[in-house]
Amino acid sequence: MQSFIIISKDIQKAKERIEIMAKERKISKFDIFSLQTEKTVGIADIRGLSKQIFLKPIQGEQKIVVLEAFFGISIDAQNAFLKVLEEPPFSTTIIIVASSNFFLPTILSRCVLIELDKEISIDKKEEEEILKIISSLEEMEVGERLKTAQNLSKDKQQALIFLEKLIIITRNEMVKKGDTSLSQKLKVLQKYYKELKQSNVNLRLSLENLFLEI
């Protein structure tokens, strides 16, 4: 998934998350383009942004294009943006930033949703326990992985909270240590988190697939 929606009432908090995402992808500040508007985003804005999305990065192999939609985005503009979100260029990560979730289901289905104001806190003990899980994943036998999935599958909401914590800590470790091997784990975690949150898939089966794939 190359497209993201960041929801936060704190503009600075959203920008800090974008900086983290740029570091994860080793994207230079010269390859980050932001479209800032002081009104509702319209079709003309989307057309201009679409041209920017298909330009080559200036310095590296990847770039980030940010659409700041703090004042909203019209239905027509969202529909116009669908085509780009369906087939974005491989070199571009698209990030839409907004203060609330006013997006069409068709837009949401093509993006990873990050709601910063709802992110949960993690205490030191939890962080240490989750770090142990992350470090031991590759050494786990199939039976251990399936047992972990079984333990989590008793409550969907608790499973989602655990996966959210796992994603946050994995991302933080990757940025802190510059460990690119965690990038693939993060992508897998985000894929299954989105699947569990936005659909009615079998919870246990989805978690088993996650822990077998990660």
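Ranked by Cβ crowding within 10 angstrom, fewest neighbours first, how are Phe103, Phe81, Phe90, Phe71 ordered? Working shown, then result.
On the way: Phe103 20, Phe81 28, Phe90 8, Phe71 12.
Placing the least packed residue first, the sequence is Phe90, Phe71, Phe103, Phe81.
Our note on the geometry: Cα centres of region 139-203 and region 38-63, 32 Å apart.
Could you work out the local net charge near Arg25, counting Lys and Arg as +1, Asp and Glu as -1, over the other residues with Cβ closer than 10 Å to its Cβ? That works out to 0.
Residues whose amide H lies under 5 Å from that of Ile5, counting only those 5 or more places away or on a different chain, are Ile96, Val112, Leu113, Ile114; hydrogens are built 1.01 Å from N in the peptide plane.
Let a ≥ b ≥ c be the square roots of the eigenvalues of the Cα gyration tensor of the chain; is it rounded (a/c under 1.5), or, if not, prolate (a/b larger than b/c) or oblate? Here the chain falls in the prolate category. Counted over region 3-118, the DSSP beta bridges are approximately 0% antiparallel. On the beta carbon distance between Ile122 and Asn79, with R0 = 25 Å, the FRET formula returns roughly 0.05.
Counting only helical runs of four or more DSSP H residues, what would the 222 nm mean residue ellipticity of the chain come to if each run contributes -39,500 (n - 2.57) and the total is spread over all its residues?
Working: 9 runs with 116 residues, N = 214.
Taken over the chain, the calculation gives -17000 deg cm²/dmol.
Per the Kirkwood formula on distinct C-alpha pairs, the Rh of region 126-202 is how many angstrom?
Details: mean 1/r = 0.0759 Å⁻¹.
Mean inverse Cα-Cα distance, inverted, gives 13.2 Å.
When a/c reaches 1.5 or more, the comparison of a/b and b/c decides; with that in mind, is region 3-118 rounded, prolate or oblate per its Cα gyration tensor? Oblate, since a/c reaches 1.5 and b/c is not below a/b. With the gyration tensor restricted to C-alpha atoms of region 63-155, the semi-axes of the equivalent ellipsoid amount to 36, 17, 14 Å, longest first.
Using the Karplus relation 6.51 cos²θ - 1.76 cosθ + 1.60 with θ = phi - 60°, the per-residue 3J(HN,Hα) values for region 58-64 come to 7, 10, x, 9, 10, 9, 10 Hz, with x marking Gly and Pro. Please determine, in degrees from 0 to 90 and to the nearest 10, the orientation of helix 75-86 with respect to the longest principal axis defined by the Cα atoms of the chain, where the helix direction is its Cα long axis. It works out to around 60 degrees. Our summary gives region 3-118 a relative contact order of 43 percent, counting only alpha carbon pairs under 8 angstrom and 6 or more residues apart. Taking the chain as the reference, fit the longest principal axis to its C-alpha atoms, fit the long axis of helix 142-152 to the helix C-alpha atoms, and give the angle between the two in degrees, 0 to 90, nearest 10. So the helix axis and the longest Cα principal axis differ by about 70 degrees.
The numbers here are math on the coordinates, done by the rules we state, and not lab data. Keep in mind it's a predicted model, so treat the numbers as computed, not measured. Positions of Cβ are backbone-derived with ideal geometry, glycine not excepted, and every protein chain shown enters the neighbour counts.
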